[in-house]
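Heads up, the thing below is written out as structure tokens.
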Amino acid sequence: MGSSTASCCVLILLYFFTLVCLSFVRLAGSNQTATLAVNASGGKPIPDTFFGIFFEEINHAGAGGLWAELVSNRGFEAGGPNTPSNIDPWSIIGDESSIIVSTDRSSPFELNKVALQMVVLCDSQDGNICPAGGVGVYNPGFWGMNIEQGKKYKVILYVRSTGPVNLKVSLTGSNGVGELASTDIILSESDVSDWTKVDTTLEANATNHNSRLQLTTTRKGVIWLDQVSAMPEDTYKGHGFRSELVEMLADLKPRFVRFPGGCFVEGEWLRNAFRWKATVGPWEERPGHFGDVWKYWTDDGLGYFEFLQLAKDLGALPIWVFNNGISHNDQVATSSVLPFVQEALDGIEFARGDPTSKWGSLRAAMGHPEPFDLKYVAIGNEDCGKRNYRGNYLKYYSAIRHAYPDIQLISNCDASSRPLDHPAHMYDYHVYTNANDMFSRAHIFDHALRNGPKAFVSEYAVTGRDAGKGSLLAALAEAGFLIGLEMNSDIVHMISYAPLFVNANDRRWNPDAIVFNSYQLYGTPSYWVQQFFRESSGATVLDTTLNTTSSSSLIASAIAWQNSADEKNYIRIKVVNFGSDTVSLQISIDGLDPKSLQLSGSTKTVLTSANVMDENTFSQPKKVVPTPSRLESAAGQDMNVQLPPHSFTSFDLLKESINLKMAGTDSSTRSSI
């Protein structure tokens, strides 16, 4: 029995040992292998304009977001006359025994005639005593005003009354309790017999992220209010933009800003389209309009001038998209489109004209006598299939080319697979799709026409279930798509993601690059992917050859670029592993002096996470962000690197000099990461 038992034990041990070995074999087999050859001796220049941003007024991106105005519906125009229940989001403090609130058309501003009327029935001096704190109105802003201790807020309002005014202006908590700052506006009857502008500055004594602005009184009489504004004094470069949101844009180093839409430019109906002339001049005189595509009112404090200023503040070129006489539901016939064409010509004069010209003088009066650097305009948005588009387009093209021959004109019609039937310098390419399809489109421009207009991929994003509210999966698919665009930058001259912003309280579109509320913000993984491409503009895309056992899930590119901060030269290799297996990648770089890559200063950056559907949130704003690390022992002309599943990896290799050898140089010592 002893010998047979021993034999059985040996067999059992051999069986389990075989299973373990097979498991290791299977695990080892799950790793894919690939090689990437980079030729650093030449390459093609990437346009200086390659990477930029696109802003559309969607998701309260501007009103209640990028534009720092705290008051929503500051001119009471959103509701209209005699509809006090629609002065939203303004609300009444007090009841009908103490105050009656309505609207009328007594405003001094010609283009926004609606004003708020308060009939105050109580008085601290007679029997009908006002409630403690008085009666009046309050505005909660855009889902709460962010008021921070020690910061100053400029409040402007216009007031008229039948008698003396004693009006308290205060910032309080969301329920009116907890005064953060206040001041009393005391005016004589003669001061307010006609409309009077009042401005004051409040300094907050505490922080409350969900505050409101109150206007209250304890004196009987009739008071009219209009154009009530509250702005933080601390805005980006003092130009009215919410600083922390613009700083996230500045971190992307955009070379252009496309604005103001998008569908916002078209409108569901032409009467609600963005018209630039209604958005310039003093903010009090701008009528505002209802954006019927995304279903909310904008006071147009963020107007044409401000967009031009934003582009300049970011060191980017403005790209103005204007309406071409076509909305989603109605169109202007080509025979009647000339007034729209003239409006576009006037808009270009506003941006570029001499300060003595008609529209250039208005720009100068707004504080910017020197012209803006407007070199690109887009004629319409997604209108190529509309009946009158080509006819209208040709009218615009002819007029603008005649008046401004240096301006580049962008068509809505896609020319990636067949020639345009009309002249253009560039054409729009928009794509919103699922993750797999987006990744597969990395090669869509490989065989695009090289002659004729260049491509402007002005709107792209993964949408639908793959995207969630901003998933890693979506970002990786977009990264692969962008690598394909980078390798085709001889034909693709501009790229921008969409949409850029979303106020978490009014999410009209998923996903978006930057999510915010009154005081918080974070970038989605798609935002962080864009940071990998911010150095591509003006760089050199190098020739690469990728060989892989899983070609459908791997894509790579390489660029040579110079850091403007320290003027050091780098080679950046970007690789997306869209698959679920680890990939062992052997990188070889030819065309460099063997000693030209420095170990110190070379870095690796990886974007990945435990789950491909992971997202960032306000509670975990950096759950999925790039993780940089130094290459301690790996920088060289031959490297073996490991690419995690579902990851985007960038290698920045610091070059000691820019002396390049011809392709075929002997490789340096092999190293591993």
Q | lysines with Cα under 28 Å of residue 168, excluding same-chain neighbours fewer than 8 positions away | A | 113, 151, 152, 154, 197, 220
Q: Enumerate the lysines that residue 604 could reach by cross-link, defined here as Cα to Cα under 27 Å, with residues fewer than 8 away along the same chain left out.
A: 44, 253, 568, 574, 595, 622, 623, 655, 661
Q) Tilt of helix 472-487 relative to the longest C-alpha principal axis of the chain, in degrees (0 to 90, nearest 10)? A) 70 degrees
Q | Full-stretch length increase - residue 247, residue 617 - with 0.36 nm per residue and alpha-carbon distance subtracted | A | 131.3 nm
Q | Total formal charge among the other residues, if their Cβ is under 14 angstrom from that of residue 104, Lys/Arg +1 and Asp/Glu -1 | A | +1
Q. What is the chain's relative contact order, in percent, from Cα pairs under 8 angstrom and six or more apart in sequence?
A. 16 percent
Q: Within the range 100-180, list the trypsin sites (Lys or Arg not before Pro) lying in a DSSP loop whose Cβ has at most 14 other Cβ atoms in a 10 Å radius.
A: 105
Q. Could you give the angle, 0 to 90 degrees to the nearest 10, between helix 2-30's Cα long axis and the longest principal axis of the Cα atoms of the chain?
A. 50 degrees
Q: Indicate, rounded to the nearest 5 percent, the antiparallel portion of the DSSP beta bridges found entirely in the range 478-567.
A: 60 percent
Q: Sum -39500 (n - 2.57) across every DSSP H segment of at least 4 residues in the chain, then divide by the residue count to get the 222 nm mean residue ellipticity, nearest 500.
A: -5500 deg cm²/dmol
Q: Would you mind calculating the gained length between residue 640 and residue 271 on full extension (0.36 nm times residue separation, minus the Cα-Cα distance), in nm to one decimal?
A: 126.8 nm
Q: Would you mind counting up the charge near residue 463? Only other residues with Cβ under 12 Å from its Cβ, with Lys and Arg at +1 and Asp and Glu at -1.
A: -3
Q | the range 84-232: relative contact order as a whole-number percent, Cα under 8 Å and 6+ apart | A | 33 percent
Q) Once both axes come from the Cα atoms, what is the angle between helix 389-403 and the longest principal axis of the chain, in degrees from 0 to 90, rounded to 10? A) 80 degrees
Q.
Using a 7 Å offset from Cα along Cα-Cβ at residue 625, what residues in the range 507-544 end up with backbone N under 19 Å from the label point?
A. 512-535
Q. Non-local amide H neighbours of residue 492 (under 5 Å, H modeled in plane, Pro and chain starts lacking H): which ones?
A. 455
Q) Counting other Cβ atoms within 10 Å of each Cβ, which trypsin sites (Lys or Arg not before Pro) in the range 273-331 have at most 10 and sit in a DSSP loop? A) 295
Q) What's the local net charge at residue 257, with K and R +1, D and E -1, over the other residues with C-beta under 13 Å away? A) +1
Q | Partners for residue 312 among aspartates and glutamates (Cα-Cα distance below 13 Å; same-chain residues under 8 apart left out) | A | 370, 373
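Only the coordinates and a few stated rules stand behind these numbers; no lab work does. This structure is a prediction, so every number in the text was calculated from the model and none was measured. Please note: Cβ atoms are built from the backbone with ideal geometry, for glycine as well, and neighbour counts cover all protein chains shown.
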